[in-house]
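Written below as structure tokens is the structure these notes are about.
The values are calculated or read from the model by the stated rules, or taken from the named source; none is laboratory data. Here the structure is a predicted model, which means the values were calculated and not measured. Ideal geometry is used to build each Cβ from the backbone, glycine not excepted, and the neighbour counts take in all protein chains shown.
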Amino acid sequence: MRILLTTCSYQDTPGPHHELMESQGWEIVRERGPLSEERMMELAGDFDAFLCGDDALTRAVIEKSLPRLKVISKYGIGLDKIDIPATKELKVPVLFTPGVNHDTVAEHTFLLLLAMAKNFAYAIDGTRAGRWDRKTGSELFEKRIGLIGLGRIGQEVARRARAFGMEVHAYGNYWPEDIAAEFGIIRHDSLDSLFSSVDIISPHTKLTKETLHCVNAERLAMMPDGSWVINTGRGELIDQAAVIAALDSGKLAGYAADVLDEEPP
């Protein structure tokens, strides 16, 4: 079996999965994703399986991969980069791995949040430049954070937020009553209600037609001046033009993300 391995997080994370894969006697071809449709088209047709991240698995890529391609396995849970209707029509099984990265993403969310609150990038730049330029940051204690989505990642962000003494608000179709009760999460019945009640927004929901640009100019205007937005979900959840305008006006004091509308840029 010949496998195309593109997910960087799988490749870079230490653990027994490396030895397990190598022990099977498969041929593993490694690429550093996410790969564009153009690159996937160059590779398509020569593999029995894809172990992928957020690569562009379009209908054209899937069709060219047949008849050799037997399975697609996503390292993570977001399937929006895979043409699922095409995989169903062409009878290509798609697997995913819920729970594999919820702690990592939650930790990264707080890395970005703390870096922004404490002006960390500014301090690092100043130190490297040899400046003695102290800029006071903000505390997270008693800040109100709004989570869009309360799945595994949202729950872990809520857990960490409570440890920092933050007030946790959330909106989502899925509502785990036990987790909400444990962390005292305040439930909202609309995104408008959520945005108007918090200082920080952090989306942790899948990308759909309904959630595309769910963080937009109208909702940002509902937040207090000097608010923050964190995005470790999907770049397309955010209307980037609206965020830039909000930063310019002072409505937002900061925006921190590890995702873009188009990846790679």
With V94, V71 as the choices, which residue is β-branched (V, I, T) and either closer than 19 Å to L207 by Cβ or free of Cβ contacts under 8 Å to residues at least 24 places away in the same chain (or both)? V94
Please count how many residues of segment 139-176 are surrounded by fewer than 18 Cβ atoms within 10 Å (Cβ to Cβ), assigned to a helix (DSSP H, G or I) and polar (S, T, N, Q). 0
Of the conditions (1) surrounded by 22 or more Cβ atoms within 10 Å (Cβ to Cβ); (2) free of Cβ contacts under 8 Å to residues at least 40 places away in the same chain, the single one that D248 does not satisfy is (1)
Would you kindly identify the helices (runs of 4 or more DSSP H) lying entirely within segment 2-115 that contain at least 3 residues that are crowded, with 19+ Cβ neighbours inside 10 Å? 59-65
Which number in (1) of a type in the set (D, E); (2) surrounded by 14 or more Cβ atoms within 10 Å (Cβ to Cβ); (3) out of contact with any His (no Cβ under 9 Å at 6 or more places or on another chain) marks the one condition that E218 misses? (2)
Residues that are in contact with a helix residue (DSSP H, G or I) (Cβ under 8 Å, 6 or more places away or on another chain) and either of a type in the set (S, T, Y) or not in a helix (DSSP H, G or I) (or both): does segment 119-129 have at least one? no
Can you pull out every residue in segment 172-197 that is touching a Leu at 6+ places or on another chain (Cβ under 9 Å) and closer than 21 Å to G254 by Cβ? L194, F195
Members of segment 177-194 found to be surrounded by 17 or more Cβ atoms within 10 Å (Cβ to Cβ) and part of a loop (DSSP other than H, G, I, E, B), listed by number: I185, H188
Going through (1) modelled with pLDDT of 95 or more; (2) out of contact with any Leu (no Cβ under 8 Å at 6 or more places or on another chain); (3) under 25 Å from V259 (Cα atoms) one by one, H169 fails only at (2)
Residues of segment 219-241 being over 30 Å from E38 (Cβ atoms) and either out of contact with any strand residue (DSSP E or B) (no Cβ under 6 Å at 6 or more places or on another chain) or in a loop (DSSP other than H, G, I, E, B) (or both), in sequence order, are R219, L220, A221, M222, M223, P224, D225, G226
